Amino acid sequence: MVDVSRIGSLPAEFLTAGTSSFTEFLRQHSPELLPGNRVPAGADLGGLTPHATTLVATTFVGGVVMAGDRRATMGNMIAQRDIQKVFQADEYSAVGMAGAAGLGLELIRLFQLELEHYEKIEGTVLSLEGKANRLSHMIRGNLGMAMQGLAVVPLFAGYDLGTGSGRIFSYDVTGGRYEEHQFFSVGSGSVFARGALKKLYRDDLTADDAIAVTVQALYDAADDDSATGGPDLQRRIFPIVAVVDDAGYRQRDEQAVAQIVEEVVAGRDVRPDGPVAPLR
Amino acid sequence: MSMQFGYVSPEQIMKDRADYARKGIARGRSVIVIQYAGGILFAAESPSPSLHKISEIYDRIAFAAVGKYNEFEILRQAGVRLADLRGYSYDRVDVSGRALANVYAQTLGTIFTQDPKPYEVELVVAEVGQTTDADQIYRITYDGSVWADSGFSVMGGAAEQVGQYVSEHFTKGASLEGSLRLAVDALGRDTDEPRQLATSSLEVAVLDRERPRRRFRRLTGPVLDSLLARGGSETSPQPDSEGSGD
């Protein structure tokens, strides 16, 4: 029975002191809004949403770069040429996702809100580890969907204000969280991208060097994996590149990325397999 | 139901409740919300650097309150939840200060008439728009009344005295420095003898029209000091000098 005199005023869940987690609040108040709470159990949903592909991240001195290609596929079809897979998580971190795109984008939206919500309710920001753990918890909550074919694998990177360095966290579909050192990649083209990262990574990279490394790695991924999109010079579609350092998160503007991409592509005209790493 | 001996008229009950709430609200210090050329400024005298009277709600919306901390804190958190839920269900641009002010009004109105004791709080929900004319400042009182204030809003403590000072010196489209100086001077006028407030006892924030996405920003430490120093020359008694900084 609805108490008519209380219509329009805030329901009790809003006024109860308690959680500073938006996800937990959703679970109590509007569970139907949680990603994955709207589909029947048991069905195979794998073919229903586009698949987002490759993400790479590499640290540099004093920060971290994350980049993603722009392709989403459905089976052998290209579902979207200019999808965005790398996002700002909060002021000092970036998050990207590979896997089921529809669900992944919603998870990222919820994760961004989760961090902002905590910040507003508590008046302070979570530690980088705290944010990484929060994401792990959310991915674990998606395990049921992953088993129905909608796996989402995020990549999280941020600037650690305590140590003054960039850090990278990878995940598996069960919510397992692993800190990666130096560089990492996820998604269908990740094997090829990681090979390139291995050969191109140096300890003394600058931010611009690190961007070039990620663009090279994505090029190699696209070279060998049909689901990863290479730079599209005709349509001017370039990877999305995010830099996080002590000045916070910023997405590199298209002009700057275009210039680096053009240099990389010009280099490939001469040597299609990319730069050569020294033998010894 | 509480036991009532004899008849008490509804007017009397409401009056007693209103007196009770008003007394609680007048006990603390004032909070000033004031428009300036580049957005909306919030200033309060606060004994604690971490127990805030001024907070961010959403991209363009901020919250200020006076009265009992635990009561307005409940409302603040509820506001953040409501705004985040709306923004998540629809889109970020669909979260509006007016809707939030309405919900606060309904909630406070219900609490005032139905709960054992009214909330001893007064709130401001302010939303910064694309232009000064699109800015909105809603003040909601303990009984759920809503006021759409234009230009500035003063509540709590010696609100009348402080408000008087602000209205005498307020000019539309003033600079941030000038408006900050006016707000800080006004906060010190709650007694017959004007007080000088230390920067460390001030809680100041702005909804900055020019910022991307989340417009709310706290002004503390050196930033606040330098703004106050730059606004210093504009405190002269002639109200005309107020807006000269922008």
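Quick one: is residue B:59 within 12 Å of chain A (Cβ to nearest Cβ), more than 14 Å from residue B:144 (Cα to Cα) and open to solvent by 10 Å² or more (accessible area, probe 1.4 Å)?
On the way: within 12 Å of chain A (Cβ to nearest Cβ): yes; more than 14 Å from residue B:144 (Cα to Cα): yes; open to solvent by 10 Å² or more (accessible area, probe 1.4 Å): yes.
Answer is yes for this residue.
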Kindly list the number of the only condition in (1) over 30 Å from residue B:12 (Cβ atoms); (2) at the interface with another protein chain (Cβ under 8 Å from one of its Cβ atoms); (3) not basic (Lys, Arg) that fails for residue B:102. (1)
Among what's in the stretch B:166-199 and is within 16 Å of the chain's Cα centre (by Cα) and hydroxyl-bearing (Ser, Thr, Tyr), pick the residue that is surrounded by the fewest Cβ atoms within 10 Å (Cβ to Cβ). B:167
Considering residues that are touching a Lys or Arg at 6+ places or on another chain (Cβ under 8 Å) and of a type in the set (A, V, I, L, M, F, W, C), the number found within the stretch B:201-230 is 5
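Are any residues in the stretch A:111-125 open to solvent by 40 Å² or more (accessible area, probe 1.4 Å) and either free of Cβ contacts under 8 Å to residues at least 40 places away in the same chain or more than 25 Å from residue B:63 (Cβ to Cβ) (or both), and if so, which ones?
Initial filter on the stretch A:111-125 (open to solvent by 40 Å² or more (accessible area, probe 1.4 Å)): A:112, A:118-119, A:122-125.
If the condition is that a residue be open to solvent by 40 Å² or more (accessible area, probe 1.4 Å) and either free of Cβ contacts under 8 Å to residues at least 40 places away in the same chain or more than 25 Å from residue B:63 (Cβ to Cβ) (or both), then A:112, A:119, A:123, A:124, A:125 are the ones that fit.
Determine if the stretch B:69-82 includes at least one residue that is more than 9 Å from chain A (Cβ to nearest Cβ) and in contact with a helix residue (DSSP H, G or I) (Cβ under 8 Å, 6 or more places away or on another chain). Give the derivation first.
Start the filter on the stretch B:69-82 by keeping residues that are more than 9 Å from chain A (Cβ to nearest Cβ), which leaves B:69, B:71-72.
Next, only the ones that are in contact with a helix residue (DSSP H, G or I) (Cβ under 8 Å, 6 or more places away or on another chain) stay: none.
Taking every residue of the stretch B:69-82 in turn, none turns out to be more than 9 Å from chain A (Cβ to nearest Cβ) and in contact with a helix residue (DSSP H, G or I) (Cβ under 8 Å, 6 or more places away or on another chain).
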Suppose we keep only residues that are assigned to a helix (DSSP H, G or I) and in contact with a Ser or Thr (Cβ under 9 Å, 6 or more places away or on another chain) within the stretch A:99-110. Which one would you say is surrounded by the most Cβ atoms within 10 Å (Cβ to Cβ)? A:104
Which condition breaks for residue A:188 when tested against (1) of a type in the set (Ser, Thr, Tyr); (2) in contact with an Asp or Glu (Cβ under 9 Å, 6 or more places away or on another chain); (3) open to solvent by less than 30 Å² (accessible area, probe 1.4 Å)? (3)
Do we find a residue being open to solvent by 60 Å² or more (accessible area, probe 1.4 Å) and closer than 22 Å to residue A:244 by Cα anywhere in the stretch A:211-223? no
Would you confirm whether or not the stretch B:30-48 contains a residue that is open to solvent by 10 Å² or more (accessible area, probe 1.4 Å), within 12 Å of chain A (Cβ to nearest Cβ) and within 23 Å of residue A:122 (Cβ to Cβ)? yes
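Sort out for me the strands (runs of 3 or more DSSP E) sitting completely within the stretch B:143-232 that have 2 or more residues that are under 30 Å from residue B:18 (Cα atoms). Please lay out each step first, then the result.
Values: elements: B:146-149, B:152-155, B:202-208, B:216-219.
Qualifying strands (runs of 3 or more DSSP E): B:146-149, B:152-155, B:202-208.
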Considering the stretch B:132-157 alone, what residues qualify as being touching a residue at least 60 places away in the same chain (Cβ under 8 Å) and more than 16 Å from residue B:33 (Cβ to Cβ)? B:142, B:143
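For the stretch B:73-87, how many residues are open to solvent by 10 Å² or more (accessible area, probe 1.4 Å) and either touching a Leu at 6+ places or on another chain (Cβ under 6 Å) or aromatic (Phe, Trp, Tyr) (or both)? Before you say what the answer is, go through the steps one by one.
Going residue by residue through the stretch B:73-87, those that are open to solvent by 10 Å² or more (accessible area, probe 1.4 Å) are B:73-74, B:76-77, B:82, B:85-86.
If we keep only those that are either touching a Leu at 6+ places or on another chain (Cβ under 6 Å) or aromatic (Phe, Trp, Tyr) (or both) too, we end up with B:74.
Within the stretch B:73-87, residues that are open to solvent by 10 Å² or more (accessible area, probe 1.4 Å) and either touching a Leu at 6+ places or on another chain (Cβ under 6 Å) or aromatic (Phe, Trp, Tyr) (or both) number 1.
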Looking only at the stretch B:135-153, and only at residues there that are out of contact with any Leu (no Cβ under 9 Å at 6 or more places or on another chain) and open to solvent by less than 30 Å² (accessible area, probe 1.4 Å), the one that is nearest to residue B:191 (Cα to Cα): B:153
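Among B:51, B:41, B:123, which is modelled with pLDDT under 95, within 16 Å of the chain's Cα centre (by Cα) and not small (Gly, Ala, Ser)?
Values: B:41 fails: modelled with pLDDT under 95; B:123 fails: modelled with pLDDT under 95.
Answer to the check: B:51.
The values are calculated or read from the model by the stated rules, or taken from the named source; none is laboratory data. Source: prediction; values computed, not measured. Note that each Cβ is placed from the backbone with ideal geometry, even for glycine, and that neighbours are counted across all protein chains shown. Quick note on the areas: whole protein, heavy atoms, side chains included, nothing else; ligands and nucleic acids left out. Shrake-Rupley method; radii C 1.70, N 1.55, O 1.52, S 1.80 Å.
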